[in-house]
1. Within the range A:84-143, restricting attention to residues that are in a loop (DSSP other than H, G, I, E, B) and of a type in the set (Val, Ile, Thr), which residue is surrounded by the most Cβ atoms within 10 Å (Cβ to Cβ)?
2. When the residues of the range A:59-75 are filtered to those that are without any contact (Cβ under 8 Å) to a residue 40 or more places away in the chain and either more than 8 Å from chain B (Cβ to nearest Cβ) or surrounded by fewer than 19 Cβ atoms within 10 Å (Cβ to Cβ) (or both), which remaining residue is nearest to residue A:133 (Cα to Cα)?
3. Which is surrounded by 15 or more Cβ atoms within 10 Å (Cβ to Cβ), at pLDDT 95 or above and closer than 23 Å to residue A:88 by Cα, of A:41, A:33?
4. Look through B:43, B:81 and report the one residue that is over 29 Å from residue A:23 (Cα atoms), facing another protein chain (nearest Cβ under 9 Å) and either surrounded by 14 or more Cβ atoms within 10 Å (Cβ to Cβ) or among the charged types (D, E, K, R) (or both).
5. Which of the residues spanning the range B:101-126 are closer than 17 Å to residue B:56 by Cα and not hydroxyl-bearing (Ser, Thr, Tyr)?
6. Looking at (1) assigned to a loop (DSSP other than H, G, I, E, B); (2) small (Gly, Ala, Ser); (3) touching a His at 6+ places or on another chain (Cβ under 9 Å), which is the one condition that is false for residue B:63?
7. Would you pick out the residues in the range B:30-40 that are facing chain A (nearest Cβ under 8 Å) and touching a helix residue (DSSP H, G or I) at 6+ places or on another chain (Cβ under 6 Å)?
8. Which residue out of B:66, B:52 is buried (at least 18 other Cβ atoms within 10 Å of the Cβ) and of a type in the set (Asp, Glu)?
Amino acid sequence: MVTIETPRSPRTRKSANREKWAWLFMRASGVVLIVLIFGHLFVNLFLGEGIKAIDFAFVAGKWANPFWQVWDTLMLWLALIHGTNGMRTLVNDYSEREGIRKFLNASLWTVCILLIVLGTLVTTTFDPCPDTSVVDALPQFCK
Amino acid sequence: MPTKPTGTLYRGKTGMWSWVLHRITGVAIFFFLLVHTLDTALVRLDPAAYNEVIATYKTPIIGLAELGLVAAILFHALNGVRIILIDFWRKGTKYQNLMFWIVIGLAILIFAGFAPRHLANVFSHLPVGK
């Protein structure tokens with residue numbers, strides 16, 4: 001529990017801007033994510049056969065184009081940081097014990113970084129025509 | 001008629017409910033994002049394994065859950081715009097209640113355009129022992 005001794009004293013500037021940057025990031029990334037995610041949903045769930053058309057060949061077809069590689073990588077980074085920071089807000093609001101609060105926030109950022117690294121490795125080192133015994137799963141242009 | 005204070009700060013109006021919904025939809029989307037990053041990572045491991053896992057997304061139950069996901073995203077995205085307008089637009093706070101209903105209306109409109117098409121995709125050709 002934080003007690004503020006003199007609530008009306010002028011605020012100190014010391015590192016006061018970190019929360020402001022987080023606040024600003026939520027709004028800026030939110031606007032970009034609207035474009036990225038609505039575009040993602042439109043192409044993957046609305047066009048053609050929607051969810052029924054999604055398989056390895058579909059993803060390979062998209063990521064053979066650098067445009068979608070950049071799109072999806074940017075979406076991955078922004079969505080994970082936006083989501084993790086949102087969860088941090090909830091943790092800060094609802095956790096009552098300082099130790100648990102710190103543990104939860106540390107876990108959130110650990111997962112966030114791991115998934116960003118994993119996802120970025122996947123989108124940047126992706127091979128649309130890998131060696132596989134299941135040749136049927138590959139897109140047409142590999143055959 | 002004034003009612004007795006009930007010892008809570010929650011006001012029970014659109015301002016509060018939009019805030020509650022924003023949190024609930026945000027958490028739901030966050031956990032889906034974790035799963036979705038992992039399932040997509042399978043494309044790097046094995047095409048057949050990816051196809052097997054992504055097939056669950058095409059089943060009726062998960063297909064219906066996807067409607068819920070899209071509804072959550074629609075609300076969270078549009079209400080996010082409302083929040084930005086409240087923060088940056090001079091008249092934002094004045095119109096926050098109206099904007100809440102515009103958010104709900106737009107979300108329902110877009111959802112109505114998406115849902116029939118998605119349901120048709122999910123239920124049109126169920127896998128019949130391929």
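The values are calculated or read from the model by the stated rules, or taken from the named source; none is laboratory data. Bear in mind the structure is a predicted one, so any value in this text is a computation, not a measurement. Cβ: placed from backbone, ideal geometry, glycine included. Neighbour counts: every protein chain shown.
1. Step one: filter the range A:84-143 for residues in a loop (DSSP other than H, G, I, E, B), giving A:95-97, A:125-134, A:138-139, A:143.
Of the ones still in play, those that are also of a type in the set (Val, Ile, Thr) are A:125, A:132, A:134.
Working: A:125: 8, A:132: 15, A:134: 12.
Across the range A:84-143, the extreme among qualifying residues is A:132.
2. Going residue by residue through the range A:59-75, those that are without any contact (Cβ under 8 Å) to a residue 40 or more places away in the chain are A:59, A:62, A:65-68, A:70-71.
Filter once more, keeping what is either more than 8 Å from chain B (Cβ to nearest Cβ) or surrounded by fewer than 19 Cβ atoms within 10 Å (Cβ to Cβ) (or both): A:62, A:65-68, A:70-71.
Details: A:62: 22, A:65: 24, A:66: 27, A:67: 29, A:68: 27, A:70: 29, A:71: 30 Å.
Ranking the qualifying residues of the range A:59-75, first place goes to A:62.
3. On the way: A:41 fails: closer than 23 Å to residue A:88 by Cα.
Of the residues listed, the single one that is surrounded by 15 or more Cβ atoms within 10 Å (Cβ to Cβ), at pLDDT 95 or above and closer than 23 Å to residue A:88 by Cα is A:33.
4. Numbers: B:81 fails: over 29 Å from residue A:23 (Cα atoms).
It is B:43.
5. To start, the set of residues in the range B:101-126 that are closer than 17 Å to residue B:56 by Cα comprises B:118-126.
Those that are closer than 17 Å to residue B:56 by Cα and not hydroxyl-bearing (Ser, Thr, Tyr): B:118, B:119, B:120, B:121, B:122, B:123, B:125, B:126.
6. That leaves (1) as the condition not met.
7. If the condition is that a residue be facing chain A (nearest Cβ under 8 Å) and touching a helix residue (DSSP H, G or I) at 6+ places or on another chain (Cβ under 6 Å), then B:30, B:33, B:37 are the ones that fit.
8. Numbers: B:52 fails: buried (at least 18 other Cβ atoms within 10 Å of the Cβ).
After applying the criteria, what remains is B:66.
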